[in-house]
Amino acid sequence: MTQSILPTKLIPTSVPGRPPAKDMIWISGGKFLMGSDHHYPEEAPAHRVAVDGFWMDKFLVTNAQFQKFVKATGYVTFAERPANPDHYPGAKPELLQPSSTVFVKPDRPVSKDNHYNWWSYVPGANWRHPEGKGSSIKGREQHPVVHLAYEDVEAYARWIGKELPTEAEWEFAARGGLEGADFAWGDDFYPKGKQMANTWQGEFPFENLCTDGYDRTSPIGVFPANGYGLYDMIGNVWEWTTDWYQEHRQIKKSPCCTTTNPRGGEPENSYDSQMPESKIPRKVIKGGSFLCAPSYCQRYRPAARMAQPIDTSTCHLGFRLIVRRA
């Protein structure tokens, strides 16, 4: 389904000189219809937004790139450190050891009402060991790095001299110049039968047919780029943004006009209302992942969004960075 206007191609402006780093694409900026009135409630209402131009990484940050950062700085990620018990009062000791969240595929149909049927908090899981102890990134150097909490992503960004995009910047870029289309490539999920992104095929969460060739993450750049030349904006892994999560309808915006360069909500309003005892702020993540399926989570779309606690790393969440024009 499209939005209330037909898909149109936005007109790019001239590129402002040389890229600030290798494999960065100039995104000209402009006005677009952000969000959707036809899918999940948190995407509504669709509203007019404008963003300034910026440079964006053509690809997701890879294991090889993150490894260079770790070797240069000695950085230890959140998932590789024991959790501070003061931050998690009442937590069981085994949940405070270095761990991260891993998808474990059931061997039979299970209730989709309980995500613990496929998510496990695995000791020893981290960016070096994506499925836990015994797994490694050998042979996956060009896959997107995963199992990073928000502070890990910020540390890498500072080191390399870039920034995370806002939700609006990310969504504008993901649309690839197509205004009002459901997907980053148009309105047909499988145009002419072609698989356009690394997503789940089959009955989630126990049957992955892998018709796209991948059971988990895939190397960067395997699937077609969008209209701006950006790869993996949809599927493969979710992507961190810098915005604090709030419902679109709750975020202050211009009541009559286009909102320019929105920056999301406030940290104190990003807490999960269903977990009042937990005061962990959440960021917006975008793009969907290899776990998004027509039978469960149809969030392989530019408008889709989810809330992610800043202290939570997973096997299906990565990032890419931008450089804003000075």
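The values are calculated or read from the model by the stated rules, or taken from the named source; none is laboratory data. Given the structure is predicted, the values throughout are model-derived calculations rather than measurements. All Cβ positions, glycine included, derive from the backbone under ideal geometry; neighbour counts span all protein chains shown. Accessible surface areas use protein heavy atoms only, side chains included; no ligands, DNA or RNA. Shrake-Rupley method; radii C 1.70, N 1.55, O 1.52, S 1.80 Å.
Things to note:
- Hits in the stretch 238-249 - residues which are over 13 Å from the mean Cα position of the chain (by Cα) and of a type in the set (D, E, K, R): 247, 249
- Residue check, residue 60 in contact with a Phe, Trp or Tyr (Cβ under 9 Å, 6 or more places away or on another chain) and open to solvent by 60 Å² or more (accessible area, probe 1.4 Å): no
- Residue count for the stretch 53-108 satisfying the condition of being assigned to a loop (DSSP other than H, G, I, E, B) and among the charged types (D, E, K, R): 6.
- Screening residue 222 on (1) of a type in the set (A, V, I, L, M); (2) open to solvent by 40 Å² or more (accessible area, probe 1.4 Å); (3) touching a residue at least 60 places away in the same chain (Cβ under 8 Å) shows it passes everything except condition (3).
- Looking across the stretch 163-189, the residues that are of a type in the set (A, V, I, L, M), assigned to a loop (DSSP other than H, G, I, E, B) and open to solvent by less than 10 Å² (accessible area, probe 1.4 Å) come down to 181, 184.
- Test: residue in the stretch 66-81 that is exposed (fewer than 15 other Cβ atoms within 10 Å of the Cβ), more than 22 Å from residue 322 (Cβ to Cβ) and touching a Pro at 6+ places or on another chain (Cβ under 9 Å): yes
- Restricting the stretch 272-307 to residues that are farther than 17 Å from residue 44 by Cβ and open to solvent by 70 Å² or more (accessible area, probe 1.4 Å) leaves a set whose member that is nearest to the chain's Cα centre (by Cα) is 296.
- Residue list for the stretch 238-256, filter: outside any loop (DSSP other than H, G, I, E, B), charged (D, E, K, R) and open to solvent by 50 Å² or more (accessible area, probe 1.4 Å): 249
- Exclusive hit being under 19 Å from the mean Cα position of the chain (by Cα), surrounded by fewer than 20 Cβ atoms within 10 Å (Cβ to Cβ) and in a loop (DSSP other than H, G, I, E, B), set 235, 213, 229: 229
- Condition met for residue 17 (loosely packed, with under 14 Cβ neighbours inside 10 Å, more than 22 Å from the chain's Cα centre (by Cα), modelled with pLDDT of 95 or more and at positive phi): no
- Every condition in (1) surrounded by 22 or more Cβ atoms within 10 Å (Cβ to Cβ); (2) in contact with a His (Cβ under 9 Å, 6 or more places away or on another chain) is met by residue 143 except one, and the failing one is (2).
- Each residue in the stretch 191-207 was checked for being under 21 Å from the mean Cα position of the chain (by Cα) and not β-branched (Val, Ile, Thr), and 8 of them qualify.
- Residues that are under 21 Å from the mean Cα position of the chain (by Cα) and either farther than 24 Å from residue 277 by Cβ or part of a loop (DSSP other than H, G, I, E, B) (or both) within the stretch 109-121 comprise just one, 118.
- Residues in the stretch 143-160 that are aliphatic (A, V, I, L, M) and not in a helix (DSSP H, G or I): 145, 146, 148, 149.
- If you go through the stretch 97-140 and pick out every residue that is basic (Lys, Arg) and surrounded by 13 or more Cβ atoms within 10 Å (Cβ to Cβ), you end up with 4.
- Among (1) touching a helix residue (DSSP H, G or I) at 6+ places or on another chain (Cβ under 7 Å); (2) surrounded by fewer than 17 Cβ atoms within 10 Å (Cβ to Cβ); (3) within 23 Å of residue 231 (Cα to Cα); (4) not polar (S, T, N, Q) - the single one residue 45 does not satisfy: (3)
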